[in-house]
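The values are calculated or read from the model by the stated rules, or taken from the named source; none is laboratory data. Since the structure is predicted, the reported quantities are computational estimates derived from the model, not experimental observations. Virtual Cβ from ideal backbone geometry, glycine too; neighbours counted across all protein chains shown. Side chains are part of the model used for accessible areas, which takes the heavy atoms of the whole protein and leaves out ligands, DNA and RNA. Shrake-Rupley method; radii C 1.70, N 1.55, O 1.52, S 1.80 Å.
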Amino acid sequence: MTKKIHFSDLGLVNTKSMFAKAMKEKYAVPAYNFNNLEQLQAIVSGCVKTKSAVILQVSGSARNYIGTSFLPHMAAGARAMADELEATIPIALHLDHGNSLELARECIDSGFSSVMIDASHHSFEENARLSREVVSYAHDHDVTVEAELGVLAGIEDEVVAEKSTYTQPEEVEKFLELTGVDSLAISIGTSHGAYKFKLKPGEEPPPLRFDILEEVEKRVPDLPIVLHGASSVLPEHVEQINRFGGSMDNTAGIPEDQLRRAAASAVCKVNIDSDGRLAMTATIRKVFHENPGEFDPRKYLGPARDELISMIVHKNNEVLGSGGRY
Ligand code: G3H
Ligand code: 13P
Ligand code: ZN
């Protein structure tokens, strides 16, 4: 049996105090997904530069891609990197879209400080039962738990939801009572992936359902709310991908003003994965187009990492409001 690792041994924290501060001061903590070294370095660097708390987020498939025994060392490396830059920013390691108690337990036993159990595609009862089981194990280890009510459209790890089902605010109190989760992801019109909306020329994406968000806030004012599928699909990256040999047609994401409004509410955690992927891909395509002979990974992954840092600085300071708050 592999040795158990508690998150505190890696210099990590759970999300409790991060969310309490975000709730009080009306901003959102960024949760950036990573799969490799350069993404992780960019996230830490961007969050240190902006003096922002950060949630390092890993899906089940990303965890397998990285390697389960390698991952805790990456988290420890992230902590060491921030310390070296003399930044005591709080860092959490979070399982994104966990789909079973077994996976949640494995993560809790290997250094994760926060886990999501996503049973939102099951019935309310099954979602509550599974979430309760995860909470019971997680809280014994001081690990915080996020669950989801309502289903987002798009791709969540290996689960594909064709259409979104908005969260029903009247179910929230009962769910919290049954489960004891620390935060809740809700469905208000965001969706996963880089193809959130197909728009006709001049058309704007439909606004998020702030009425649902407000109703949830009204019913449970202290509940930290999580927004998944919150990439903006930045046009400059999509244009650059298309200019340098890629093909991404008619894509649009969540406008930044909608995210600013959400971040100033009880939304305490905003999940961003696709925008980071697009930033890196746009940069790598440009390098290869301009220098087809290039084959040193540092020459394309380095600039991609720099672009990701700039994007994170922008999001933390200009969209989520987490910059300067730790
Ligand atoms: O919401 C899902 C995340 O974007 C993770 O996706 O399973 O491709 O790592 P992934
Ligand atoms: P995006 O695909 O919008 O980046 O959403 C990521 C996410 O919700 C991860 O859980
Ligand atoms: Zn998600």
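Rg over Rh for the stretch 198-299 works out to 1.12, both radii taken from alpha-carbon positions and Rh defined as the Kirkwood radius. Ellipticity at 222 nm from helices only: DSSP H runs of n ≥ 4 in the chain, each -39500 (n - 2.57), divided by the residue count, give -13500 deg cm²/dmol.
Taking 0.36 nm per residue of separation and subtracting the current Cα-Cα distance, fully stretching the chain between K16 and N250 would add 80.4 nm.
Expressed in Å, the radius of gyration and Dmax of the Cα atoms of the stretch 45-135 are 14.9, 47. Excluding same-chain neighbours fewer than eight residues apart, the lysines reachable from K286 by a Cα-Cα span under 20 Å are K299. Expressed in Å, the radius of gyration and Dmax of the Cα atoms of the stretch 111-266 are 17.0, 53. Computed from the alpha carbon atoms alone, the convex hull of the stretch 1-71 holds 103 Å³ per residue.
Solvent-accessible area per residue in the chain equals 44 Å², computed with a 1.4 angstrom probe and all protein chains kept. Here the chain exposes an accessible surface that is 51 percent carbon and sulfur, computed with a 1.4 Å probe and the other protein chains kept in place. Highest GNM mean-square fluctuation among P221, P207, P297, for the chain modelled with Cα contacts below 10 Å: P297. Of all the options D118, D296, D83, the one that moves most in a Gaussian network model of the chain with Cα springs shorter than 10 angstrom is D296. Each of H139 and L199 was given a label point 7 Å from its Cα along the Cα-to-Cβ line. The distance between the two points is 4.3 nm. Measuring between alpha carbons in the structure, the pairs from K198/K315; K49/K196; K26/K51 lying more than 18 angstrom apart are K198/K315; K49/K196. Using alpha-carbon positions, what is the distance between the centroids of the stretch 65-91 and the stretch 4-46, in Å? When both Cα centres are located, 10 Å separates them.
Legend: Rg and Dmax of the stretch 242-317, from Cα coordinates, 15.2, 50 Å.
The Cα-based radius of gyration of the chain, divided by its Kirkwood radius, gives an Rg/Rh of 0.95. Using the Cβ-Cβ distance between A264 and L85 with R0 = 30 Å, the FRET efficiency computed as 1/(1 + (r/R0)^6) comes to roughly 0.60.
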